[in-house]
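Chemist: Please find one structure pasted underneath; my questions will follow.
The values are calculated or read from the model by the stated rules, or taken from the named source; none is laboratory data. None of the values given here were measured: they were computed from a predicted structure. Cβ atoms come from the backbone with ideal geometry, glycine included; neighbour counts cover every protein chain shown. Remember, those area values only see protein heavy atoms, side chains included, never the ligands or the DNA or RNA. Shrake-Rupley method; radii C 1.70, N 1.55, O 1.52, S 1.80 Å.
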Amino acid sequence: MPSYLQIENISKSYGPKVLFENIAFNINEGDKIALIAPNGTGKTSLLRILAGEDKSDSGGRIIFLKDISIAFLEQDYSYDPTLSISEQIHAHAAPHLQKMHEDRLARFEVKLAELSGTFRLGSLSRRMDSLSGGEVKRVALCEMLALEAEFFIMDEPTNHLDIEAIEALEQILGRSRCTLLMVTHDRYFLDRVCNTVMELDRGSVYLYRGNYQNYLEKRSERIANYNAETDKVRNLLRRELEWIHATPCARTGKAKYRINAFHELSERASQAYVTKQISLDGVGSASRLGNKIINCKSVSYYWEGQCMLDSFTYNFQRCDKIGIVGRNGVGKSTFLDLLTGALEPQSGIIDRGESLRIGYYHQEGISFDPGDTVLDICPDTRLLGRFLFPHDMLSTRIDKLSGGEKRRLYLLTILMKEPNLLILDEPTNDLDIVTLNILEEFLNDYKGSLIVVSHDRHFLDRVVDHLLVFCGEGKVKDFVGKFSEYRSYIKDYEASQKAAAKAVAQSAAQKSGAQDSSSRNQSREPDRKERKLSWKESRELEAIEARLPQLEESKAELEKTMSSGLLAYDKLQECSSRIQAVMDEINELEMRWMELQEKL
């Protein structure tokens, strides 16, 4: 395989803090690499240097294969809120688009239309300032993937995405022949997309071929071998020390090279590998909780005319460990605000226990004044040390911390209040994998109640055993079991429904020329009555079954036209808007078809 990227002697520091120094590595065509390191050790800085958004302190060399195309997904996508989705994508991707020939531009538009349907962006004429955080992330992904670059550099691509979007991205990257370097904390995503793990550890880079479990095993072997070598050096140092101390008066006559070697041994012997880890022992132990937690009865809430919660009834129990899942924008965070009292229901009752003490970890993260330091946020230096904030970081301003360090500090401020109900809204964003593992262990042993909104499937499988599934339009379904069990059930159900929809559409297309409308209606009417659909719903279902084949044909014709390479750019964009509208209608009709089928 040809080498796509060679790195030689690059370094990065911020003030006295050295992130990495004179590192070197190589990435070959087809490598799909996950970059792993603790928060604050330079992952994002390294990606930005490789993408040309930052520079190495020591010069060094970054050599890409000639004419290779590169696309970079930053952790925070910068956008103009006044632009439409389409305008934003074309403006942000302009440096890439200007280099493309007409046939390649046509391919970009076709791909963009496909991806916007896959990621459920809806109309590309919507303004950017109307989008949620998850939708902005999907815009960034659609832009990057539509470029079809040979080398993708991605910083936390799953942050803020709902599970369906994560799984869609997983499938796209898993099938793609691209070369990939990404930072991610999502362990399921990592295993299903990547074939190599790159660890940035103590300023050095280590490569491990295989999945995450293989990385853990090989890393343990590396550390064990290093420490075993350190023990040998210490034994040798002990003998050399005895020699140095012997006959001190004759020391000037001792071999100079041996004295120099002694000092080198002394330095190496002090380098035993000790992994610093967050300690949650004794932190955030739950205060005593009564029998009543939170009781909800017929709770409803609307926002801007949209139903976010519809007659929801549920009594939360002691030691409940509940996961809240659903697409972006269906009301999960609104629901948490209702539970905590930040919002009041428009109807129904929310009754909270007298001994309830809530610790609420918001998705937005920590709020602070520009001049706040780590010590200002948490004055307990003992706890700060256990959360990997050593003495030399106590005076560090919060705005100088990495995203993961801010999250870790915020988590500490929540746990130190000893809540007996923990409510966590997307706690895994920006946290490194080591911290996530420790947090999972803590939550498994936590004696209070837990409600967590998360799109991290591994995290959900580890910490919750009961799900509240937000389905949209205020509907909430109760599912007892692990998240993987729920997804398996849903995938089987959706596969059967889509297969049935496709079969019906094909059957309708075949019959359209062979039967006239009246005979078709007569043959179907008894079946509709038997299925207990209303007359109006029966007519609607028939219309959908007739319309879907027409839309599929229109979509195929538009794709063919756009791929011809013969269209002027303005016509190309016009076709792109039309195909997007067709795909939106297909998605809407398929969803409605499944709703009607579910009534049968």
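Chemist: Does Asp376 meet the test of being open to solvent by 50 Å² or more (accessible area, probe 1.4 Å), outside any helix (DSSP H, G or I) and not β-branched (Val, Ile, Thr)?
Modeler: Working: open to solvent by 50 Å² or more (accessible area, probe 1.4 Å): yes; outside any helix (DSSP H, G or I): no; not β-branched (Val, Ile, Thr): yes.
So Asp376 fails the test.
Chemist: Checking Ile49 against (1) in a loop (DSSP other than H, G, I, E, B); (2) without any contact (Cβ under 8 Å) to a residue 60 or more places away in the chain; (3) buried (at least 18 other Cβ atoms within 10 Å of the Cβ): exactly one of these is not met. Which one?
Modeler: Evaluating Ile49 over (1) in a loop (DSSP other than H, G, I, E, B); (2) without any contact (Cβ under 8 Å) to a residue 60 or more places away in the chain; (3) buried (at least 18 other Cβ atoms within 10 Å of the Cβ) leaves (1) as the failure.
Chemist: Quick one: what pairs do we get from the stretch 317-344, first residue surrounded by fewer than 23 Cβ atoms within 10 Å (Cβ to Cβ), second of a type in the set (Ser, Thr, Tyr) and modelled with pLDDT under 90, C-beta under 9 Å, 6+ apart or different chains?
Modeler: Going by the 9 Å Cβ cut-off, the qualifying pairs are Cys319/Tyr446; Lys321/Tyr446; Asn328/Ser132; Gly329/Ser132.
Chemist: Go through (1) free of Cβ contacts under 8 Å to residues at least 12 places away in the same chain; (2) touching a Lys or Arg at 6+ places or on another chain (Cβ under 7 Å); (3) not polar (S, T, N, Q) and name the single condition Lys218 misses.
Modeler: (2)
Chemist: It is to be established whether one or more residues within the stretch 167-182 are hydrophobic (A, V, I, L, M, F, W, C), more than 28 Å from Gly117 (Cβ to Cβ) and in a helix (DSSP H, G or I).
Modeler: Of the residues in the stretch 167-182, the ones hydrophobic (A, V, I, L, M, F, W, C) are 168-169, 172-173, 178, 180-182.
Still in the running and more than 28 Å from Gly117 (Cβ to Cβ): none.
No, the stretch 167-182 contains no residue that is hydrophobic (A, V, I, L, M, F, W, C), more than 28 Å from Gly117 (Cβ to Cβ) and in a helix (DSSP H, G or I).
Chemist: In the stretch 305-339, how many are more than 28 Å from the chain's Cα centre (by Cα) and more than 18 Å from Val464 (Cβ to Cβ)?
Modeler: Selection size over the stretch 305-339: 5.
Chemist: Considering only residues that are in contact with a helix residue (DSSP H, G or I) (Cβ under 8 Å, 6 or more places away or on another chain), of a type in the set (D, E, K, R) and more than 22 Å from Arg187 (Cβ to Cβ), look in the stretch 139-174 and name the one that is most open to solvent (accessible area, probe 1.4 Å).
Modeler: So the residue we want is Glu148.
Chemist: A further question on this structure: I'd like the full set of residues that are of a type outside the set (A, V, I, L, M, F, W, C), open to solvent by less than 80 Å² (accessible area, probe 1.4 Å) and in a helix (DSSP H, G or I), limited to the stretch 564-594. Step through it out loud before you land on a result.
Modeler: First, pick out the residues of the stretch 564-594 that are of a type outside the set (A, V, I, L, M, F, W, C): 564-565, 569-571, 573-574, 576-578, 580, 584-585, 587-588, 590, 592.
Then drop every residue that is not open to solvent by less than 80 Å² (accessible area, probe 1.4 Å), which leaves 564-565, 573, 576-577, 580, 584-585, 587, 590, 592.
Correct list: Gln573, Ser576, Ser577, Gln580, Asp584, Glu585, Asn587, Glu590, Arg592.
Chemist: Name the single residue that is farthest from Leu35 (Cα to Cα) among those in the stretch 192-211 being of a type outside the set (S, T, N, Q), at pLDDT 90 or above and in a loop (DSSP other than H, G, I, E, B).
Modeler: It comes out as Gly210.
Chemist: Further question: Name every residue in the stretch 91-115 that is part of a helix (DSSP H, G or I), modelled with pLDDT under 90 and either open to solvent by 30 Å² or more (accessible area, probe 1.4 Å) or hydroxyl-bearing (Ser, Thr, Tyr) (or both), in order of residue number.
Modeler: Glu102, Asp103, Arg104, Arg107, Glu114, listed by residue number.
Chemist: Looking at the stretch 196-208, is at least one residue farther than 27 Å from Cys142 by Cβ, out of contact with any helix residue (DSSP H, G or I) (no Cβ under 8 Å at 6 or more places or on another chain) and of a type in the set (A, V, I, L, M)?
Modeler: The answer is yes; a qualifying residue exists.
Chemist: Give the residues of the stretch 57-90 that are of a type outside the set (A, V, I, L, M), part of a loop (DSSP other than H, G, I, E, B) and farther than 27 Å from Val139 by Cα, sorted by residue number. Break it down into steps so the answer makes sense when it comes.
Modeler: Step one: of the stretch 57-90, the residues of a type outside the set (A, V, I, L, M) are 57-61, 64, 66-67, 69, 72, 74-82, 84, 86-88, 90.
From the residues that got through so far, the ones that are part of a loop (DSSP other than H, G, I, E, B) too are 57-60, 66-67, 69, 74-82.
Listed by number, the residues that qualify are Asp57, Ser58, Gly59, Gly60, Lys66.
Chemist: Since Ser517 meets every condition but one in (1) under 39 Å from the mean Cα position of the chain (by Cα); (2) polar (S, T, N, Q); (3) farther than 27 Å from Asp162 by Cβ; (4) at pLDDT below 85, which condition does it not meet?
Modeler: Here Ser517 meets the rest and fails (1).
Chemist: Where the second residue is assigned to a strand (DSSP E or B) and open to solvent by 50 Å² or more (accessible area, probe 1.4 Å) and the first is more than 19 Å from Asp351 (Cα to Cα) and lies in the stretch 294-312, which pairs have Cβ atoms under 7 Å and are six or more apart or on separate chains?
Modeler: From residues that are more than 19 Å from Asp351 (Cα to Cα), the pairs are Met308/Tyr302.
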